[in-house]
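First the structure, in the form of structure tokens, and then the observations on it.
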Amino acid sequence: MQNYYQSNIECMPHDEIIELQNKRLAAQVRHVWDNVPYYKQKMEEKGVTPDDIKSIGDLHKLPFITKDDLREAYPYGLLGVPLKDAIRIQSTTGTTGKRVIAFYTKEDIEIWEDCCARAIAAAGGTNEDVVQVAYGYGLFTGGPGMNGGSQKLGCLTLPMSSGFTDRQLEFMCDLEATILCCTPSYAEYIAESLEESGLGGKIKLKAGIFGAEAWSNEMRVRLEEKLGIKAYNIYGTAELIGPGVSFECCEQTGMHINEDHFIAEIIDPETCEVLPPGSKGEIVFTCITKKAFPLLRFRTRDISLLSREGCSCGRTLMKMSRLMGRSDDMLIIRGVNVFPSQIETVLIEYGLSANYQLVVDRVNHADTLEVRVELTPEMFSDTVRGVEGREKELSEKIKNVLGVSAKIKLVAPKSITRSEGKAIRVIDNRKI
């Protein structure tokens, strides 16, 4: 039986969803015009006023917001309410520049927690479940969002944060956690630790809700086998609200977008042209209910596609595919576009670990790509010649997929640093 948290919204007829979006979009544009001078100026530069936005069909008239805008407006330039009405901030990691601060009103947090509660319910969660939240807390949105959603659903919530893996395993076994929420790379680490400790047979997990990183379907299968669970994808960004912008259901064929709060578009990342449903491109989101940090047409840089096909779970919410990479994190190597997820798929299909690193450099004015990946314990017992043969074979497989050659370096098990938060997959040493 499929679980819902707010079935009246999650299963709302399509025409009613569109009517709701039209109404909320028009109100949100007026709110931004009246309260966010930075964005009002961008609209004026494009010759657009709130009177021009009456429905989602007018969305293309609005200017985009990018991370550069968010950094330029730091800290208060995009705040949409009086400071006295904002009760919390969350923040991005700041790994690509100055941190971005997102503000929340009390109502914004209620919305966020509702979105996360929907995701947990879609993964089979009820008030009888024990949810272990191993995303980071503090400024990172993963922990607070899933914590709030779990409590909204009435689950016993274990606010573990990331790291301290021995303690994670102790609580997971002793309190019989049934749902694990964390990054997929940390779930892999937990699975390895359970196996090493001999505790794998003592856990009661039935589901995992994994996000904050792009991960392949092959990695999903691997996690499901190792942890004995059904692994669900969840999506969100700190700029928009946090996890819960979209979530996967039992069908596992894409993530349902919470369309009562977010409008999604797919654009060509080069031309910014809006593409039709089913097209692969950069996903753009407009927040239509969040008031403290109300982003319109925010360019996520995440690559995905949208679908309106019916779903056996009964939800009518549009789906977005799992992330296929990022337009800004995409590697361009000797003129070829390369996404880490492509390489991950090849490695897992070959039977290797999902713990890997890509090292990109420039030697004599030419790009080089090295793929460092751990051998399994069984493979590690191979002779030197056997390892060299595997490296050559894997190099050929990757070249067939990517269209560029890569040096393969197979290393000892557990020699690549484990991640307890977001995995560091790419080391780009080029000076470009």
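The values are calculated or read from the model by the stated rules, or taken from the named source; none is laboratory data. Since the structure is predicted, the reported quantities are computational estimates derived from the model, not experimental observations. To get the accessible areas, we keep the full protein, side chains included, count just its heavy atoms, and leave off ligands, DNA and RNA. Shrake-Rupley method; radii C 1.70, N 1.55, O 1.52, S 1.80 Å.
Panel note: the C-alpha atoms of the range 43-135, placed on their principal axes, show extents of 53, 33, 29 Å (largest first). The alpha carbons of the range 126-207 stretch over 34, 28, 18 Å along the principal axes, in descending order.
Shown for the range 254-338 is the translational diffusion coefficient from the Stokes-Einstein equation, using the Kirkwood radius over Cα pairs, a temperature of 10 °C and a viscosity of 1.306 mPa s: 115 µm²/s. A simple rule links phi to the HN-Hα coupling: the Karplus curve 6.51 cos²θ - 1.76 cosθ + 1.60 with θ = phi - 60°, which for the range 265-275 gives 9, 10, 10, 6, x, 8, 9, 6, 6, 6, 9 Hz, with x for Gly and Pro.
Which aspartates and glutamates have a Cα lying under 17 Å from the Cα of K280, excluding residues fewer than 8 positions away in the same chain? List returned: E265, D268, E270, D302, E309, D328, D329. Volume of the convex hull of the range 163-229 (Cα atoms only), normalised per residue: 72 Å³. Legend: Rg and Dmax of the range 1-73, from Cα coordinates, 15.8, 51 Å.
Summary value for the range 1-146: 24 percent relative contact order, contacts being C-alpha pairs under 8 angstrom separated by 6+ residues.
Which value in deg cm²/dmol, rounded to the nearest 500, describes the helix-derived mean residue ellipticity at 222 nm for the chain, given -39,500 (n - 2.57) per DSSP H run of n ≥ 4 and division by the residue count?
Working: 12 runs with 138 residues, N = 432.
The helix-only estimate for the chain comes to -10000 deg cm²/dmol at 222 nm.
Across the protein chains, with a 1.4 Å probe defining accessible surface, the residues R372, R297, R362 rank R362, R372, R297 from largest area downward. Take L306: with every protein chain present and a 1.4 Å probe, its accessible area is about 10 Å².
Dividing the alpha-carbon radius of gyration of the range 187-312 by the rule-of-thumb value 2.2 N^0.38 Å gives 1.24.
Taking only the Cα atoms of the range 308-354, the ratio Rg/Rh comes out at 1.16, with Rh defined as the Kirkwood radius.
Calculated on the Cα set of the range 122-274, radius of gyration then Dmax: 15.8, 54 Å. The base-10 log of I(q)/I(0) for the range 94-156, evaluated at q = 0.11 Å⁻¹, reads -0.28 [Debye formula, identical scatterers on Cα atoms, solvent excluded]. Close amide H pairs (under 5 Å, H built 1.01 Å from N) link I333 with V338, residues at least 5 positions away or on another chain.
Report the Stokes-Einstein translational diffusion coefficient (µm² s⁻¹, integer) for the range 47-200, Rh taken as the Kirkwood radius over Cα pairs, at 37 °C with viscosity 0.692 mPa s. Taking Rh from Cα pairs, D becomes 182 µm²/s.
For the pairs K202/K414; K84/K290; K106/K226; K61/K290; K230/K414, flag any whose C-alpha to C-alpha distance is greater than 28 Å.
Working: K202/K414 24 Å; K84/K290 16 Å; K106/K226 39 Å; K61/K290 20 Å; K230/K414 25 Å.
Going by Cα-Cα distance, K106/K226 fall outside the 28 Å limit.
In the range 321-405, inverting the average of 1/r over every pair of distinct C-alpha atoms gives 14.0 Å as the Kirkwood radius. Surface analysis of the chain yields an accessible area of 43 Å² per residue, using protein heavy atoms and a 1.4 Å probe.
Hey, any idea what % of the chain's accessible area is carbon plus sulfur with a 1.4 Å probe? Let's see the in-between values first.
Working: 9370 of 18540 Å².
Carbon plus sulfur share of accessible area: 51 percent.
The ratio of the alpha-carbon radius of gyration of the chain to the globular-protein estimate 2.2 N^0.38 Å is 1.00. A Cα-only calculation for the range 206-250 places Rg and Dmax at 11.2, 34 Å.
Put simply, the amide H of R301, placed in the peptide plane, has neighbours under 5 Å in I283, leaving out anything fewer than 5 places away on its chain.
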